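The values are calculated or read from the model by the stated rules, or taken from the named source; none is laboratory data. Given the structure is predicted, the values throughout are model-derived calculations rather than measurements. Note that each Cβ is placed from the backbone with ideal geometry, even for glycine, and that neighbours are counted across all protein chains shown.
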Amino acid sequence: MMGADVLSAVKPHFPILVVLLPLLGALFCALIQRGTLSWLLTACIAFVLPVISGLMLFDVLKTGQTITYELGNWEAPFGIVYKVDGLSALVLTLITVIGAVIMPFARRSVAYEIDSHLQSWFYTMYLLCLAGLLGITITGDAFNAFVFLEISSLSTYVMIALGKHRRALLASYQYLIMGTIGATLYVVGIGLLYVVTGSLNFDDIASRLGPAMAERSGPVMAALGFITVGLSLKIALFPMHVWLPNAYAYAPSFATVFLAGTATKAAIYLLVRLLFTVFGTTVPFESMPVGHVLLALGLAGMFIAAFAAVFEENAKRMLAYSSVSQMGYIVLGIGLANVSGLTGALAHIVNHAVMKTALFLALGAVVYRIGTVRLGDLSGLGRKMPWTMVAFAIAGMGLMGIPGTAGFITKWYLVLGALEKGWWVIVFAIVLSSLISVVYMGRIMEVLWFREPSQAAEKAKDPPMMMLLPLWVLALATIYLGFDTRLSVGVAAPVAEALFGGIK
Amino acid sequence: MDQLKVFVTHYNYFITIFLMVAGLYIVIARGNMIKKLIGLSLFQTSVYLLYLSAGKIVGGTAPIYDPAFKFYSNPLPHVLILTAIVVGVSTFALGLALVVRIHEAYGTVEEDEIFAKDDGA
């Protein structure tokens, strides 16, 4: 009974708790300064968050209503409002679940790769980044989203710079430059919107945009351009992706694991939110010039980044290029501008996060055992670390889009979306790009399974249970999501319909 | 003549654009990492001006609630920019901290020299 009372008392405050818990946790981690204790605290928080966001997702899906939380009881256009609708609940749940599942992996990986006096700071940054990403997803205020974007970005720069190799510093610096330019362009866009509408609340901007557009459309279109380019930098959409491969390759394994699944996804969310629920209500997305640009850049990214992955010698960089290529799919789905395409894009946010996190977890385990991810050093690891590498193979097959895995489902919806438009070329392009992913994943598989163990791999063995567990959870999820699509497409489809419904 | 009038009445926006482009140019064209950060800071500063220009009313005072004053400037952009300045300062600080670490690791802050060192190794 007590539990039920507490739950009903706390429940109205769920939206703020999602941001507040990791923020407070970060503060405590900074004060504790004991690696293991910080890990424990971080893990506790990371496991509470998916429960909260899961309950909110359940509520939103069941009632079909939006959860609104007014900060400090200030009403909507005046104060900052947190809003949880289908779209944000989906992304919130994804980020929190990924953030929790990978926690058991964190302790040993972080202890191995980061000096003991910095571990607590690392967890502080991890929690700050989590708070930032969740804040981006939950806020209903454009400027607040910018602040959260910078919270997550600044902590990400620090996490990347904690990598062992000195190039990590360089990667972090480059990301800092690119990320700040992106965020600043986003603020310029928001500023222009604020000037023409006088509001920062997403819904309020949307409702005032019509009259503002009628009066003068120039600033609104300029805002659209600034915001799209700014967020594209954060998404690592081709050709604004140059920061990503180095950042992922040289960051500590755990940071890469976390960022690959969540950071770009939150930026995608913000782009979808602005394009569809803010601009989309006045300017139908189909008639926006942005759609075609996104389509073209998504396509270009799918191929060029995938080609770069084929010729890469560092496994982490290879997967990072693959991430850029996969972001291309997501952006392509948005650019298709129909319900199937957007469903595919949103479901791919979930599926790609699951698969890519699993792949990077496996590489993190490899770093833990042999300390390198150069392709030459990985040879024969399949037989030395069978549990790790079987899971890697499963997630890899998902990435290729083999039927029976999560990757197939989303590519199927993207193809459907292209077919609805009658764009056969794009259908062909999706299939062709998948074939390229077969080539680069095939290359790494060949090295892992069909070669004699290298010197580095000779003494390797599977990592401890704690590190294997998250990997297998996600690998099995790759298969599960390939058969039962209720959690990915089942949630994404009504959300996509609602997003287009707002336009009509 | 009309163009000149637009220029004179909107000079603050032209300064904004100039600062923005100049900052971006420095970021792209300079190889010195500290100069790059200065360019980045300039780029961010231009945005402060964009917001503040929009919030300013000619002849308006600070928003003090008193019968003696009739026109107020909109305080919201100022508050927003206060936040943006904090973000800008922390980005700049973090960037400089990274440059210090890079200097310790590589012994230089020139990008081309750093790339040459890593390629050689």
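A few remarks follow.
- Counting the residues of the range A:317-338 that are crowded, with 24+ Cβ neighbours inside 10 Å, farther than 27 Å from residue A:421 by Cα and of a type outside the set (A, V, I, L, M, F, W, C) gives 1.
- Residue check for residue A:55: touching a residue at least 24 places away in the same chain (Cβ under 8 Å), in a helix (DSSP H, G or I) and buried (at least 16 other Cβ atoms within 10 Å of the Cβ): no
- Sole residue being out of contact with any Ser or Thr (no Cβ under 9 Å at 6 or more places or on another chain), facing chain B (nearest Cβ under 9 Å) and at negative phi, chosen from A:200, A:176, A:154: A:200
- Residue A:42 outside any strand (DSSP E or B), touching a Cys at 6+ places or on another chain (Cβ under 8 Å) and modelled with pLDDT of 90 or more: yes
- Some residue of the range A:218-233 being in contact (Cβ under 8 Å) with a residue 60 or more places away in the chain and under 21 Å from the mean Cα position of the chain (by Cα): yes
- A single member of B:4, B:52 is within 23 Å of residue A:192 (Cβ to Cβ), free of Cβ contacts under 8 Å to residues at least 60 places away in the same chain and not basic (Lys, Arg), and it is B:52.
- Restricting the range B:101-121 to residues that are in contact (Cβ under 8 Å) with a residue 24 or more places away in the chain and part of a helix (DSSP H, G or I), the residue that is nearest to the other protein chains (Cβ to nearest Cβ): B:102
- Of the listed requirements (1) under 30 Å from residue A:108 (Cβ atoms); (2) in contact (Cβ under 8 Å) with a residue 12 or more places away in the chain; (3) in a helix (DSSP H, G or I), residue A:163 misses just one: (3).
- Filtering the range B:72-100 to residues that are more than 10 Å from chain A (Cβ to nearest Cβ), part of a helix (DSSP H, G or I) and either touching a residue at least 40 places away in the same chain (Cβ under 8 Å) or of a type in the set (S, T, N, Q) (or both) leaves only B:96.
- Looking across A:131, A:161, A:171, one residue alone is facing chain B (nearest Cβ under 9 Å) and either farther than 20 Å from residue A:270 by Cα or crowded, with 24+ Cβ neighbours inside 10 Å (or both). It is A:161.
- Note on the range A:71-104: residues that are over 26 Å from residue A:492 (Cα atoms) and either among the acidic types (Asp, Glu) or more than 23 Å from the chain's Cα centre (by Cα) (or both) amount to 10.
- Checked against the criterion of being surrounded by fewer than 13 Cβ atoms within 10 Å (Cβ to Cβ) and assigned to a helix (DSSP H, G or I), the range B:54-68 contains not a single residue that satisfies it.
- Cβ pairs under 6 Å, 6+ apart, first in the range A:132-150 and outside any helix (DSSP H, G or I), second hydroxyl-bearing (Ser, Thr, Tyr): A:139/A:82
- Scoring residue A:200 on the criteria (1) under 20 Å from residue A:95 (Cα atoms); (2) touching a strand residue (DSSP E or B) at 6+ places or on another chain (Cβ under 6 Å) leaves a single failure, condition (1).
- All helices (runs of 4 or more DSSP H) inside the range A:194-311 with 2 or more residues being within 16 Å of residue A:145 (Cα to Cα): A:202-215, A:218-235, A:253-272
- Every residue from the range A:445-468 that is out of contact with any Lys or Arg (no Cβ under 9 Å at 6 or more places or on another chain) and either within 19 Å of residue A:406 (Cβ to Cβ) or among the basic types (Lys, Arg) (or both): A:445, A:451
- Scope the range A:199-246; condition within 20 Å of residue A:302 (Cβ to Cβ) and among the aliphatic types (A, V, I, L, M); matching residues: A:229, A:231, A:233, A:235, A:236, A:237, A:240, A:242, A:244
- Among the residues examined, residue A:218 qualifies as within 14 Å of chain B (Cβ to nearest Cβ) and surrounded by fewer than 22 Cβ atoms within 10 Å (Cβ to Cβ).
- For the range B:10-49, the set of residues classified as closer than 26 Å to residue A:196 by Cβ, within 9 Å of chain A (Cβ to nearest Cβ) and of a type in the set (A, V, I, L, M, F, W, C) consists of B:20, B:24, B:43, B:47, listed by residue number.
- Number of positions in the range B:23-53 that are assigned to a helix (DSSP H, G or I) and more than 27 Å from residue B:73 (Cβ to Cβ): 14
- Filter result for residue A:118 (within 11 Å of chain B (Cβ to nearest Cβ), part of a helix (DSSP H, G or I) and not aromatic (Phe, Trp, Tyr)): no
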